[in-house]
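**Q** Pasting a structure here, questions to come.
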Amino acid sequence: MRLMTLLKQETGFRNLVQTIHAAGYGVDSFHSSAEAREALFANSYDLIVVDQYFCNKEQGCYLLERDWRDVVKTPYVIMIATEEQNRIFALENGADDCVSHSVNPRELVARIRAILRRPQESVQEHYRFEELSLCLQSREVRVNDVLLPLQRRETAILESLIRRKGKVVPRSGLEHDAYGALADCCPNALEVRISRIRRQLGSVRSSLTIEAVRGVGYRLAPRSKTTRTRTQAADPGGYTAHAHRSAIPSLSHATT
């Protein structure tokens, strides 16, 4: 799942963001209301954590407006506020939860998980493209009924590609989805992970692979007959045998 934080640039807030990210959520961090607003129209977020600094009683807060949140498809907002009256104001005006600035990062993560467990109307439970499916709750990716043993960032990359249904996703977009808006990554980190996903897809004889579009990005595309023949020759037992083997080892230098 993908979260947004709109917080001031403070050490305590950086620790909160790191803890949320370590809990397995993709996090895009912003320190400007204008940048956050632009990102909300360009991307889909499951929850927003916002500091009271960006909202006040006089000007209000667009993030708390239900009609506006329906437009950008963001169902939940958690407000961080120090004073009790500000927390009450936030809850009365649309926030789904409210915590103080001194909140324990683990408590915030627990609150995020509790909120995201709430049932929603007409919630999409899976992304699908051809025989690929991604469960949004378990984060499991399957080819037909075969589970792919992917790492967290690899799942985020494949989620982005599945959602585009064969359309090209710019390289910068995949890096954004896998590593976050402000995160740094090695120059070839994306290629390493895409190579591993390709091997996983080939090992279960998927009809799809990840195709590089030179100078643009990547997309899911039908696997060529030549590539399919090489895969079958390398693994004559097919994915039935693969299902009983251990997952492909994680890259020793890649972080999850």
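**Q** Given a Förster radius of 35 Å and the C-beta distance between GLU38 and GLU125 as r, what FRET efficiency does 1/(1 + (r/R0)^6) yield to the nearest 0.05?
**A** E between GLU38 and GLU125, to the nearest 0.05, is 0.75.
**Q** Quick check on packing: order 193-200, 111-118, 150-157 by the mean number of other C-beta atoms within 10 Å, highest mean leading.
**A** Values: 193-200: 18.4, 111-118: 14.1, 150-157: 20.0.
Packing order, densest peptide first, comes out as 150-157, 193-200, 111-118.
**Q** If you don't mind, there's one more thing I want to ask. What is the order of PHE41, PHE129, PHE54, fewest Cβ neighbours within 10 Å to most? Spell out each step's value before the answer.
**A** Working: PHE41 8, PHE129 16, PHE54 19.
With the fewest neighbours first, PHE41, PHE129, PHE54 line up as PHE41, PHE129, PHE54.
**Q** Starting at the first residue of the range 206-211, write each ³J(HN,Hα) from the Karplus equation 6.51 cos²θ - 1.76 cosθ + 1.60 with θ = phi - 60°, in whole Hz, x for Gly and Pro.
**A** 5, 7, 10, 9, 9, 9
**Q** Turning to a different aspect of this structure: Roughly what would the spin-label model give for ALA23 and ASN104, points 7 Å off Cα along C-beta, in nm?
**A** 1.3 nm
**Q** Next question, about the same structure. Convert each backbone phi in the range 128-135 into a coupling constant with the Karplus relation 6.51 cos²θ - 1.76 cosθ + 1.60 (shift: θ = phi - 60°), then list the ³J(HN,Hα) values in order as whole Hz, x for Gly and Pro.
**A** Those phi angles translate into 9, 8, 6, 8, 8, 9, 10, 7 Hz.
**Q** Just want the ordering: LEU7, LEU91, from fewest to most Cβ atoms lying within 10 Å of their own Cβ. Before the final figure, lay out each step's value.
**A** Working: LEU7 22, LEU91 15.
The most exposed by this proxy come first: LEU91, LEU7.
**Q** How would you rank THR19, THR5, going from fewest to most other Cβ atoms within 10 Å of each one's own Cβ?
**A** Values: THR19 17, THR5 23.
Exposure proxy ranking, most exposed first: THR19, THR5.
**Q** Here's another thing I want to ask about it. Amide H neighbours of VAL77 under 5 Å, counting only residues 5+ apart in sequence or on other chains, H built in-plane at 1.01 Å?
**A** ILE48, ASP96, ASP97
Since every read-out is calculated from the coordinates, none of them should be taken as a lab result. Small disclaimer: the values here were computed from a predicted structure and weren't measured. Virtual Cβ from ideal backbone geometry, glycine too; neighbours counted across all protein chains shown.
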